[in-house]
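Inspection log for the structure reproduced underneath, given as structure tokens.
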Amino acid sequence: CSISGQNDIIKSGFIKTLIAQLCSVSIRKINLINSIKSTDFFFGLSETGLMTTDKYINLFSHLKEGITEIMCHPAEEIFDQQKVLIVNKQDDQDRSMFRQQELSALLDAKLKDLMKKLDINLTNFKNE
């Protein structure tokens with residue numbers, strides 16, 4: 001992973017977060033008027049690909065009451081001929097590494113234990 005590649009991800013995440021914050025008040029009003037279910041809180045727009053077990057532990061420890069959506073893109077490394085053809089740029093390789101890191105963090109037993117301790121439940125809109 002190159003430092004400059006990670007900085008580019010952080011910069012683009014900041015811009016996305018800023019735009020999302022500017023739009024969120026309007027979107028929330030539209031959702032309420034039209035009885036569209038949505039989350040109370042959203043996290044991960046600028047952190048996608050940068051999450052570790054420790055960062056998830058910190059996030060989970062500070063969640064507010066309500067439904068929080070956490071955006072992430074976990075993935076496994078796939079070793080096959082197609083992968084060799086797809087991952088041919090440094091940027092693609094960096095993203096692949098970040099996605100593997102997120103998967104490892106999400107599967108960490110420490111998170112499952114913390115969720116149980118804090119009474120955090122996974123859900124979806126079908127269940128709400």
Next item on the list: Among the residues of segment 27-72, write down those that are part of a helix (DSSP H, G or I), open to solvent by 70 Å² or more (accessible area, probe 1.4 Å) and farther than 23 Å from GLU102 by Cβ.
Entry: ILE27, ARG28, LYS29, ILE30, LEU32, ILE33
Margin query: Given the condition in contact with a Gly (Cβ under 9 Å, 6 or more places away or on another chain), modelled with pLDDT under 70 and either hydroxyl-bearing (Ser, Thr, Tyr) or open to solvent by 90 Å² or more (accessible area, probe 1.4 Å) (or both), answer yes or no: does some residue in segment 9-16 qualify?
Written below: no
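Taking the condition open to solvent by 50 Å² or more (accessible area, probe 1.4 Å), hydroxyl-bearing (Ser, Thr, Tyr), under 24 Å from THR123 (Cα atoms) and modelled with pLDDT under 80, does SER24 pass? It would help to see each step written out before you state the result.
Values: open to solvent by 50 Å² or more (accessible area, probe 1.4 Å): yes; hydroxyl-bearing (Ser, Thr, Tyr): yes; under 24 Å from THR123 (Cα atoms): yes; modelled with pLDDT under 80: yes.
Answer is yes for this residue.
The values are calculated or read from the model by the stated rules, or taken from the named source; none is laboratory data. Just so it is clear, the model here is predicted, and its values are computed rather than measured. When we count neighbours, we look across all protein chains shown, and the Cβ atoms used for this are built from the backbone with ideal geometry, even at glycine. Only protein heavy atoms, including side chains, enter the accessible area calculation; ligands, DNA and RNA are left aside. Shrake-Rupley method; radii C 1.70, N 1.55, O 1.52, S 1.80 Å.
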